[in-house]
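A quick write-up on the structure given underneath.
Throughout, read-outs are computed from the coordinates displayed, never taken from laboratory work. Values in this document were obtained by computation on a predicted structure and should not be read as measured data. Here Cβ is always computed from backbone atoms with ideal geometry, including for glycine, and neighbour counts include all displayed protein chains.
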Amino acid sequence: MVRKQLRREQVIAYFAAVPPCLVGMEACGGAHHWARRLQEFGHTVRLISPQFVKPYVKTNKNDAVDAEAICEAVGRPNMRFVPIKTVEQQAILSVHRVRQGFVKARTAQANQIRGLLAEFGLVVPQGISNVARKIPSTIDASDALPVSMRQLIDQLLENTKALDKLIQNLEGQIRIWHQSSELSRKLEAIPGIGPLTASALVASIADARSFKNGRQVAAWLGLVPKQDSSGGKPRLLGMSKRGDSYLRTLLIHGARSAIAAAQRWHRPSPWLAGLLTRRHPNVAAVALANKNARTVWALLAHDREFRPDYAPRPTIA
C-alpha cells in the first residue's frame, strides 16, 4: 500500500506520524536501537533473523525487494522473532564482546612469542600461564638470543601483561553487573555456570518466554544434533553449531568443569554417571551443556529457583 524510501534522519519523524502498527525489521546492526525508538510511539516491532527473510526474496536483491520479503515474513504464523534487548543488556554484552576480543589478542600474542622463540631453538610449553611463568627464565638461561631479540620479547611480554590487565578489569565489570542482576545470580546456582556464563545468557536470551520450551533454547545455541532426514528416515549428525558460538563455548567449558568437579569429589549425579560410562567425555560435556541450557530456560521462563534434587514428573500416557 505504501512504498517510500526514507533517509536515516527522516525515520523518527515518519513513524511518529503513523498510527500504531506492526513494524518488521531484520535483526542487524542498530536494529535493537531502532526497535526501542519505534516502540516509544506505540508500534509493535518484530525483529527477524536475516536467514528467515532470505527464502521470501523472489528476485534479485535490492532494498525494495528486501522490504517486501520482510513484510511477507513478519506475517507468517510460525515465524521466529528475535527478542528486543534493553540498553542494559546490550551494554553488558558489549563488555563480553570486547573481553572476548582481548582474550583472542592475548592468545595470538602468546603464540607469536612462542613461535619467535622456537626459531632460536627455545621451546615453551603451550598454555597462556606458561608465557609469563617460563619465558623469562628460559631467556635468561639461554645465550642464543641476541640483545635486539631479548628487547623485542620483553616488549611483547609487556603487551601481554597489559592485555591481561584489561581482561581482568572487564571481568570485574561483568561480576559487578552479575551481582546486581537477580536473574543472573539465579543461574549461577546451576553446576557449570558461573558469573560470565550467567550474565551472558541473561543478556542474550532477553525474554525467555519468546522460546516455546528449553529444547528451542538448546537448538538456538547449536547444542543439538544436526538433522539430514528424508522420507521418514531420521538421520542425526554431529552438533549443529548454530547460533552464538560464544555462549555455546561458555556452556561447554562450564560443563567440562562441572564434570571434572563431580569426578574429583566422586559425587556425579546418576544421570551424569551413567552418561560417562556410555559416552566419550566430550560427548558428555555437550550433553550436560544442552541440559544446562534447558534448565536455564526453565528458571527464567517460569521464575523458579534451581533445585539439585529436582525430578521431573512422569508423563501419564
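For the stretch 34-45, just list the computed ³J(HN,Hα) in residue order, Karplus coefficients 6.51, -1.76 and 1.60, θ = phi - 60°, integers in Hz, with x standing in for Gly and Pro.
The phi angles translate into 5, 5, 5, 5, 5, 5, 5, 8, x, 7, 9, 10 Hz.
Compute, for the stretch 219-317, the length of the dipole vector about the Cα centre, with Cβ point charges of +1 (Lys, Arg) and -1 (Asp, Glu) only. Units Debye, rounded to 20. Mind dumping the intermediate values first?
Numbers: 16 positive and 5 negative charges, 64 e Å.
In debye, rounded to 20, the stretch 219-317 gives about 300.
Pop the C-beta distance of residue 159 and residue 263 into the FRET formula with R0 = 41 Å and round what comes out to the nearest 0.05.
On the way: r = 38 Å, r/R0 = 0.92.
About 0.60, to the nearest 0.05.
Kirkwood-based Rg over Rh for the stretch 87-180 (C-alpha set), two decimals? Display every interim value, and only then the final one.
Details: Rg = 16.6 Å, Rh = 14.8 Å.
Rg/Rh: 1.12.
Give the residue from 135, 300, 170 lying farthest towards the positive end of the charge dipole for the chain; charges sit on Cβ (+1 for Lys and Arg, -1 for Asp and Glu) and the dipole is referred to the Cα centre.
Among 135, 300, 170, the one farthest towards the positive end of the dipole of the chain is 300.
When the dipole is taken about the Cα centre of the chain, and only Lys, Arg (+1) and Asp, Glu (-1) are charged at their Cβ, what size is it in debye, to the nearest 20? If you can, show how the numbers build up before the last one.
Numbers: 45 positive and 23 negative charges, 219 e Å.
So the dipole magnitude of the chain works out to roughly 1060 debye.
Find how much the distance from residue 28 to residue 249 grows on full extension, using 0.36 nm per residue of separation minus their present alpha carbon separation; answer in nm with one decimal. Intermediate values should be presented prior to the final figure.
On the way: separation 221, 0.36 × 221 = 79.56 nm, distance 2.25 nm.
The span from residue 28 to residue 249 would gain 77.3 nm if fully extended.
Taking amide H atoms as placed 1.01 Å from N in the peptide plane, list the residues 5 or more away in sequence, or in a different chain, whose amide H sits under 5 Å from that of residue 24.
For residue 24, the qualifying residues are 46.
Is there a pair in 4/212; 161/291; 186/291 whose C-alpha atoms are over 26 Å apart, and which pairs would that be? All intermediate terms of the calculation are to be shown ahead of the outcome.
On the way: 4/212 36 Å; 161/291 37 Å; 186/291 16 Å.
In this structure, 4/212; 161/291 lie more than 26 Å apart at Cα.
Provide the per-residue ³J(HN,Hα) series for the stretch 184-191, in order, calculated from phi with Karplus coefficients 6.51, -1.76, 1.60 and θ = phi - 60°, each as a whole number of Hz, with x at glycine and proline positions.
So the J values, rounded to whole Hz, are 5, 5, 5, 6, 5, 5, 6, x.
Using the Cα centre of the stretch 104-185 as the reference point, and only Cβ charges (+1 on K/R, -1 on D/E), how large is the resulting charge dipole? Debye, rounded to the nearest 20. Write down the numbers at each step before the final one.
Numbers: 10 positive and 8 negative charges, 53 e Å.
Approximately 260 debye in magnitude.
I want to make sure I understand the PRE zone here: with the label point 7 angstrom from the Cα of residue 168 toward its beta carbon, which residues in the stretch 106-134 have backbone N atoms less than 17 Å away?
Those under the cut-off are 106-107, 128-134.
Considering only DSSP states other than H, G, I, E and B, which chymotrypsin sites (Phe, Trp or Tyr not before Pro) in the stretch 234-317 qualify as loop sites with at most 16 other Cβ atoms within 10 Å?
Details: sites: 246, 265, 271, 297, 306, 310; in loops: 265, 306, 310.
Within the stretch 234-317, the qualifying chymotrypsin sites (Phe, Trp or Tyr not before Pro) (loop, at most 16 other Cβ atoms within 10 Å) are 265, 306, 310.
Along the charge dipole of the chain, Cβ charges K/R +1 and D/E -1, which of 11, 92, 44 sits furthest on the positive end?
Checking the options against the dipole of the chain, the answer is 44.
So what's the gap between the Cα centers of the stretch 117-136 and the stretch 157-228, to the nearest angstrom?
Measuring centre to centre over Cα atoms gives 31 Å.
From the backbone phi of the stretch 110-118, what are the Karplus-calculated ³J(HN,Hα) couplings (6.51 cos²θ - 1.76 cosθ + 1.60, θ = phi - 60°) in whole Hz, Gly and Pro given as x?
So the J values, rounded to whole Hz, are 5, 5, 5, 4, 5, x, 5, 5, 5.
Sorted by mean Cβ packing within 10 Å, highest first, what order do the peptides 214-227, 140-153, 120-133 take? Intermediate values should be presented prior to the final figure.
Working: 214-227: 19.1, 140-153: 11.4, 120-133: 13.4.
Peptide ranking by packing, descending: 214-227, 120-133, 140-153.
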